[in-house]
Amino acid sequence: MDYNSKRKKLPLPEYGRNIQNMVDHVSTIEDRETRNRAAKTVIDVMGNLYPYLRDVAEFNHKLWDHLAIMTDFKLDIDYPYEPPSPDILTEKPNKVPYNQHSIKYKHYGLVMEKMIQKISEFEGEEKEVLTKQLANHMKKSFLVWNKDAVEDDKILMDLKELSGEKLEIKEDMQLSDIKSLIGKPKKKKNIGKKRH
């Protein structure tokens, strides 16, 4: 029996063994013109596997790169694009730098702290309205991490602290109630259960 485990490993298994066999055959064609036409045909077949991407220019380039990889970069044809070098398969990716922001209260997040700083620069009624909206959003964020109720005083104290006491919190400021912030839980529907 001929098992896949005994066959050679596929460089790009997403195309399957039949396309790899076609690519291997193209490599054996001696006439350069015929080999170029055969390579173009294989590219068309590879593109048919992903018809929704076939007409995207970058995708066409990627197909030609995949053809080069599948032939171990040894296929001698006229590539419409600069073929990749074998080094791309062994290159290590660039290191991703991690942000080193210190966030005072993680449940509010860095964006919230930046918004507080920005709103501190506003003046007048606009500042009051934005402060209240921000406090309501802080309350909602708090409730995401802590399902228990939270006192408005706690949110207002945190807002005052995070703004460096630049935001004036009025004593009579009332935040939205919990139900309006997080909404009512949705009832589960009994799908598939019939009652007789």
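The values are calculated or read from the model by the stated rules, or taken from the named source; none is laboratory data. All of these numbers come straight from a predicted model, not from anything done at the bench. Virtual Cβ from ideal backbone geometry, glycine too; neighbours counted across all protein chains shown. Only protein heavy atoms, including side chains, enter the accessible area calculation; ligands, DNA and RNA are left aside. Shrake-Rupley method; radii C 1.70, N 1.55, O 1.52, S 1.80 Å.
For the reader, a short list of remarks on this structure follows.
- Inspection of the range 133-149 finds a residue satisfying the criterion of being in contact with a helix residue (DSSP H, G or I) (Cβ under 9 Å, 6 or more places away or on another chain), open to solvent by less than 100 Å² (accessible area, probe 1.4 Å), on the phi < 0 side of the Ramachandran plot and modelled with pLDDT under 80.
- Hits in the range 108-132 (condition: among the polar types (S, T, N, Q) and part of a helix (DSSP H, G or I)): Gln117, Thr131
- Counted as qualifying within the range 7-86 are the helices (runs of 4 or more DSSP H) with 3 or more residues that are within 27 Å of the chain's Cα centre (by Cα), namely 32-48, 57-70.
- Checked against (1) surrounded by fewer than 17 Cβ atoms within 10 Å (Cβ to Cβ); (2) of a type outside the set (Phe, Trp, Tyr); (3) within 35 Å of the chain's Cα centre (by Cα), Glu171 passes all but a single condition, namely (3).
- Within the range 83-106, the residues that satisfy the criterion of being surrounded by 13 or more Cβ atoms within 10 Å (Cβ to Cβ) and closer than 30 Å to Thr71 by Cβ are Pro83, Pro84.
- Complete set of residues in the range 151-171 that are in contact (Cβ under 8 Å) with a residue 12 or more places away in the chain, under 18 Å from Lys106 (Cβ atoms) and of a type in the set (A, V, I, L, M): Ile155, Leu159, Leu162
- For the range 107-127, filtered to residues that are in contact (Cβ under 8 Å) with a residue 12 or more places away in the chain and out of contact with any Ser or Thr (no Cβ under 9 Å at 6 or more places or on another chain), the residue that is least open to solvent (accessible area, probe 1.4 Å) is Glu113.
- Members of the range 19-67 found to be surrounded by 11 or more Cβ atoms within 10 Å (Cβ to Cβ), of a type in the set (Val, Ile, Thr) and within 20 Å of Lys9 (Cα to Cα), listed by number: Ile19, Val23, Val26, Val42
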